[in-house]
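The values are calculated or read from the model by the stated rules, or taken from the named source; none is laboratory data. Remember, predicted model here, so these are calculated numbers, not experimental data. With ideal geometry, Cβ positions are generated from the backbone for all residues, glycine too; neighbour counts draw on all protein chains shown. Protein only, heavy atoms only, side chains kept; ligands, DNA and RNA dropped before computing areas. Shrake-Rupley method; radii C 1.70, N 1.55, O 1.52, S 1.80 Å.
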Amino acid sequence: VQLQASGGGLVQAGGPLRLSCVASVRTFGLYNVGWFRQAPGKAREFVAAIRRSDDRTYYADSVKGRLSIPRDNAESTVYLQMNSLKPEDTAVYYCAAGFAVSGVLTETDYNYWGQGTLVTVSS
């Protein structure tokens, strides 16, 4: 499985941005999908995930209420819709896919990773 993340760019604080993660397989709906981010000088951290079994979604506390993770299985795409962006959201964002039965919150729950897309939020 190959994942292509896109949609990053420069945005002003308070603005929206939508990231896309497109998979190379038509069965993308069978995968858990997560978004992670890595800010300069910091470790990569969990942002959001959608579980394959029931489409339940999970969010880091820092993004709850501002981000959502809709998926379009027909297009083999998962999005990260980001609203009310803050300068501290500046990071490289990665999408990941996996088959974990119970976990979607950690990097080890995922088998495949995209290349990352840079989001810069100006104040």
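Miscellaneous remarks
- The residue pairs whose first member lies in the range 74-93 and is over 10 Å from Cys21 (Cα atoms), whose second member is aliphatic (A, V, I, L, M) and assigned to a loop (DSSP other than H, G, I, E, B), and whose beta carbons are closer than 7 Å, counting only pairs six or more residues apart or on different chains, are Leu85/Ala13; Lys86/Ala13; Pro87/Ala13; Thr90/Ala39; Ala91/Ala39.
- Test result for Tyr112, aromatic (Phe, Trp, Tyr), in contact with a Leu (Cβ under 7 Å, 6 or more places away or on another chain) and either in contact (Cβ under 8 Å) with a residue 40 or more places away in the chain or open to solvent by less than 50 Å² (accessible area, probe 1.4 Å) (or both): yes
- Single residue of the range 6-54 satisfying the filter (among the β-branched types (Val, Ile, Thr) and part of a loop (DSSP other than H, G, I, E, B)) that is least open to solvent (accessible area, probe 1.4 Å): Val25
- Options Gly103, Gly29, Gly14, Gly9; residue that is farther than 13 Å from Thr117 by Cα and at pLDDT 95 or above: Gly14
- Filtered by the rule that a residue be in a strand (DSSP E or B) and either of a type in the set (D, E, K, R) or farther than 14 Å from Phe46 by Cβ (or both), the range 93-107 gives a lone residue, Ala97.
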